[in-house]
């Protein structure tokens with residue numbers, strides 16, 4: 001697996017159960033996956049020699065991020081390396097303009113957009129679509145980076161000029177009037193078998209996913225089916241091998257629009273580690289190794305994943321002590337820590353809370369209760385503060 005981050009770390013856990021060894025190409029020995037894998041190559045994903053060392057003797061080469069240059073992957077293919085997903089698919093997760101144009105050609109729903117070579121292109125798009133606008137770099141942005149929600153057309157022009165001056169390819173999109181964000185997570189094998197988990201609702205704060213609710217509550221059956229079928233169709237049309245996450249906008253008028261694609265395990269699927277019969281990490285390995293895919297059914301009516309983010313002020317008590325208190329109060333909380341040092345806003349882990357089997361995703365009070373418990377647990381691990389004001393010294 002190219003990349004030594006938390007996705008590779010959690011894929012390594014799944015590999016052990018399947019009797020596999022996951023070699024990782026990591027930047028340093030401190031990377032989350034490098035801390036736990038017995039087979040580590042240290043190097044950069046932009047270094048062909050490092051990529052070749054990582055691929056040497058492997059059954060398949062896959063990724064925990066989208067940033068490996070496709071021209072280097074084409075050279076690995078020429079070497080006979082089994083690259084999954086192949087660069088012809090991966091480019092659609094790397095370059096938003098390539099993705100938007102291909103999806104438009106496939107008649108998949110996307111926001112209105114335009115490539116920007118200069119300020120005049122922003123003006124022309126605004127005259128056609130109106131404001132507000134979103135300016136994006138075509139490559140490299142994640143967790144809100146490279147994305148500017150413009151206040152007005154002048155602000156959009158300024159943002160585009162800044163990115164262009166830095167050498168980035170730029171596009172401008174309409175700001176979608178959305179009800180919420182959803183994600184359709186699917187997997188596809190080289191044999192062509194597909195599998196899909198329930199569509200989930202994701203909650204973003206400052207461009208970072210903070211919560212995923214599975215299945216998405218109060219989702220119309222037609223939209224649920226449309227999102228799932230869209231994910232499976234795109235996996236087939238783009239030639240994806242492995243997990244594909246299709247991030248979606250549900251608009252206020254009841255439509256679906258594709259926002260982003262990711263061709264790897266994804267934050268919106270972390271709930272599957274404890275809440276589905278087959279986790280996204282096991283499924284990704286099954287897919288790239290061309291095993292039959294696993295059952296994607298959830299094990300409870302609602303599962304909520306909450307990300308643990310580094311606090312602005314790092315708590316004085318250690319993470320070990322925070323875990324101790326969390327487990328004492330919430331013994332059913334499933335915690336996954338990434339082996340990362342704490343810094344403000346950094347994803348350092350996540351918590352999964354499995355709802356009671358007697359609940360229903362259509363019961364708003366039940367969903368709110370499961371969400372509150374997940375948020376409370378994650379906030380405690382981040383801040384060493386209970387959101388409900390609970391004090392163990394006052395507890396009886």
Matching residues, region 329-361, being assigned to a loop (DSSP other than H, G, I, E, B) and closer than 22 Å to residue 266 by Cα: 333, 338, 339, 340, 341, 342, 343, 344, 345, 346, 355
Please work out which residue is surrounded by the fewest Cβ atoms within 10 Å (Cβ to Cβ), limiting yourself to region 287-308 and to residues that are touching a strand residue (DSSP E or B) at 6+ places or on another chain (Cβ under 9 Å) and farther than 21 Å from residue 368 by Cβ. 295
Failed item, numbered, when residue 311 is tested on (1) more than 20 Å from the chain's Cα centre (by Cα); (2) surrounded by fewer than 16 Cβ atoms within 10 Å (Cβ to Cβ); (3) part of a loop (DSSP other than H, G, I, E, B): (2)
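Restricting the search to region 87-119, which residues are in a loop (DSSP other than H, G, I, E, B) and free of Cβ contacts under 8 Å to residues at least 40 places away in the same chain?
Of all residues in region 87-119, those in a loop (DSSP other than H, G, I, E, B) come to 106-112, 117-118.
Passing the criteria: only 107.
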Residues of region 1-22 classified as touching a residue at least 40 places away in the same chain (Cβ under 8 Å), assigned to a loop (DSSP other than H, G, I, E, B) and out of contact with any helix residue (DSSP H, G or I) (no Cβ under 7 Å at 6 or more places or on another chain), total: 3
With the checklist (1) over 22 Å from the mean Cα position of the chain (by Cα); (2) outside any helix (DSSP H, G or I) in hand, flag the one item residue 25 doesn't pass. (1)
Residue 167, sole failed condition from (1) on the phi > 0 side of the Ramachandran plot; (2) in a strand (DSSP E or B): (2)
Select from region 159-175 the residues that are farther than 12 Å from residue 139 by Cα and touching a helix residue (DSSP H, G or I) at 6+ places or on another chain (Cβ under 7 Å) and list them in ascending order. 160, 161, 172, 174
Go through (1) out of contact with any helix residue (DSSP H, G or I) (no Cβ under 6 Å at 6 or more places or on another chain); (2) touching a residue at least 24 places away in the same chain (Cβ under 8 Å); (3) under 27 Å from residue 319 (Cα atoms) one by one and return the number of the condition residue 338 breaks. (1)
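Could you pull out the residue among 284, 324 that is within 20 Å of the chain's Cα centre (by Cα) and either part of a helix (DSSP H, G or I) or buried (at least 24 other Cβ atoms within 10 Å of the Cβ) (or both)?
On the way: 324 fails: within 20 Å of the chain's Cα centre (by Cα).
Answer to the selection: 284.
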For region 247-265, enumerate the residues that are surrounded by 23 or more Cβ atoms within 10 Å (Cβ to Cβ) and outside any strand (DSSP E or B). 263, 264, 265
Which of the following residues is closer than 21 Å to residue 14 by Cα, surrounded by fewer than 18 Cβ atoms within 10 Å (Cβ to Cβ) and not assigned by TED's automatic domain parsing to the domain that holds residue 341: 58, 44, 34, 54? 58
Within region 60-72, does at least one residue satisfy the condition of being at pLDDT 95 or above, assigned to a helix (DSSP H, G or I) and farther than 20 Å from residue 190 by Cβ? yes
Return only the number of the condition from (1) at pLDDT 95 or above; (2) in a helix (DSSP H, G or I); (3) surrounded by 15 or more Cβ atoms within 10 Å (Cβ to Cβ) that residue 122 does not satisfy. (1)
Just one listed residue, out of 339, 389, is at pLDDT 95 or above, surrounded by fewer than 22 Cβ atoms within 10 Å (Cβ to Cβ) and at positive phi, and it is 339
What's the number of the condition residue 27 fails, among (1) within 23 Å of residue 91 (Cα to Cα); (2) buried (at least 16 other Cβ atoms within 10 Å of the Cβ)? (2)
Could you list all residues from region 345-386 that are crowded, with 20+ Cβ neighbours inside 10 Å, in contact with a helix residue (DSSP H, G or I) (Cβ under 6 Å, 6 or more places away or on another chain) and without any contact (Cβ under 8 Å) to a residue 60 or more places away in the chain? 351, 353, 355, 380
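If you check residue 31 against the conditions, is it at pLDDT 95 or above and part of a loop (DSSP other than H, G, I, E, B)? Spell out how you get there, then give the answer.
Numbers: at pLDDT 95 or above: yes; part of a loop (DSSP other than H, G, I, E, B): yes.
Here the answer is yes, as residue 31 does meet what is asked.
The values are calculated or read from the model by the stated rules, or taken from the named source; none is laboratory data. Nothing here was measured: the structure is a model prediction, and the numbers come from that model. Cβ: placed from backbone, ideal geometry, glycine included. Neighbour counts: every protein chain shown.
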